[in-house]
Structure formats: C-alpha cells, structure tokens
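Enquirer: Dropping a structure here in structure tokens format, bear with me for questions.
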Amino acid sequence: MNTRILIIFLIWISNVVAEEVSGIPKIIDGDTIHINDYKFRLEGIDAPEMRQQCKKEFLKISSIIGFSFYKDYTCGKVSRKKLITKINKSEIKCISTTKDRYKRYIATCFKGKTNLNQWMVRNGFAIAYRKYSKKYVSDEEFAKENKLGIWQGKFIEPEKWRKLN
C-alpha cells in the first residue's frame, strides 16, 4: 500500500512543472495580466471586476451619530490602475504551476522582490480569494483594519458580483 501511494505521489509531482515567464506585462484587470502569449491569473487573490461599482465614503456626519454619505466609483478600474502604476512599465516575473479552466496560468508575480499578488491585497485593491487559498488572508485583514482601497467603503465581493452580473 505504501509503495502504491509513493508511486502515485511521484507521478503527480512529475506533472507539476513550474512555468516561469518574465517580461513587461499588459494589465487586463486587477488580477489578470498578459506577458507575450501567456495569460496569467494572479493566484490567491480576487480583484473587483472592470465594470464593478463600489461605494466610497465622502461625507461623515459626526462619529457620535455615525451617519455617512457614499458615492459610487468603478473600483475595478481603480484596481487595474493601481497595478499598472505599481508595475510602472517594468519587467516582472510570474511563476506558475497550474492552469485554470480558462487556460490562464495561475501565478504569483513579482516586481523585483515585491510579490504583486500580496501587494494588491495588502493595499486593498483585491481581496484574498479564500475559495482557492488562505495565503493572503492576513494581508486582507491588514487592509481592512487600516481602511485601505476598497475597505474605505462598501463593496460586493468580486465573485458574488460576477454571479449577479
């Protein structure tokens, strides 16, 4: 029995090959980028969709009363723009070990030593995609506690927004 498990494990691990691609990316949205002919989905994060509206507080009437006014903004476009600004036409490196059902490489991408997946979540421009990974949960909690990015207001989680739209 142990030999069978070892053989299955060795077959499985031989099929896991890391794909590493470097280049100047085209930013599609806050969690999808292209480098040459490679399409990458940033692993473990979920950014607002390009047409997604979020609400941002713009006026608060007394902290005692606790009443706020909100205005809509296109948070998906903001998320994309923040990733574009962070990368700043620099070369990045993406490391992938698998593909999703849309044939995109699921990857962790880096600008120098900065993990871009983590940076997006920690600054509130994406959320930790708990359905697939718990890796960035503490970064999401940091952004939420510090009211960064989308955590400054109200929003629907991107996955739920996709299902509703």
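Enquirer: Apply the Debye scattering formula to the chain, with a single equal point scatterer on each alpha-carbon and no solvent, then give log10 I(q)/I(0) at q = 0.09, 0.12 Å⁻¹.
Expert: -0.36, -0.59
Enquirer: When the label point is put 7 Å from the Cα of Gln53 along its Cα-to-beta-carbon vector, which residues of region 73-98 have a backbone N closer than 19 Å?
Expert: Label zone hits: 73-80.
Enquirer: Counting other Cβ atoms within 10 Å of each Cβ, which chymotrypsin sites (Phe, Trp or Tyr not before Pro) in region 25-110 have at most 16 and sit in a DSSP loop? Mind dumping the intermediate values first?
Expert: Numbers: sites: Tyr38, Phe40, Phe58, Phe67, Phe69, Tyr70, Tyr73, Tyr102, Tyr105, Phe110; in loops: Tyr102.
Listed in order of number, the matching sites are Tyr102.
Enquirer: Can I ask one more? Determine, from the Cβ-Cβ distance of Asp72 and Glu157 and an R0 of 25 Å, the FRET efficiency 1/(1 + (r/R0)^6), rounded to the nearest 0.05. Before the final figure, lay out each step's value.
Expert: Details: r = 17 Å, r/R0 = 0.67.
The value I calculate is 0.90.
Enquirer: List Cys54, Cys75 from most exposed to least, where exposure is judged by having the fewest other Cβ atoms within 10 Å.
Expert: With the sparsest Cβ surroundings first, the list reads Cys54, Cys75.
Enquirer: Where in region 139-165 does the label zone of Lys81 land, with the point 7 angstrom along Cα→C-beta and an amide N cut-off under 15 Å?
Expert: Answer for this model: 149-150.
Enquirer: So how much slack lies between Ile61 and Ser22, counting 0.36 nm per residue of separation and subtracting their Cα-Cα distance, in nm? Before the final figure, lay out each step's value.
Expert: Details: separation 39, 0.36 × 39 = 14.04 nm, distance 4.90 nm.
The Ile61-Ser22 span can extend by a further 9.1 nm.
Enquirer: Filter the DSSP H helices in the chain by two things, a Kyte-Doolittle mean of at least 1.0 and an axial alpha-carbon span of 15 angstrom or more, and list the hits by number. Mind dumping the intermediate values first?
Expert: Details: long enough: 2-15 (20 Å, 1.36); 75-87 (18 Å, -0.19).
Counting only whole DSSP H runs, the qualifying helices are 2-15.
Enquirer: For region 17-164, give the share of DSSP beta bridges that are antiparallel, in percent and rounded to the nearest 5; count only bridges with both residues there. Don't skip to the answer; put the middle values down first.
Expert: Numbers: 32 of 35 bridges.
Percent antiparallel among DSSP bridges in region 17-164 is about 90.
Enquirer: Under the rule of at least 5 residues apart or a separate chain, name every residue whose amide H is placed under 5 Å from the amide H of Ile127.
Expert: Residues meeting the amide H criterion: Asp46, Ala47.
Enquirer: Separate question: Sticking with the crude label model, points 7 Å out along Cα→Cβ, report the distance from Ser90 to Asn146 in nm, one decimal please.
Expert: Here the answer is 1.8 nm between the modelled labels.
We did not get these values from a lab; they are worked out from the coordinates using the rules stated. Since the model is a prediction, treat every value here as computed from it, not as a measurement. Glycine also receives a Cβ, built like all others from the backbone with ideal geometry; neighbour counts cover every protein chain displayed.
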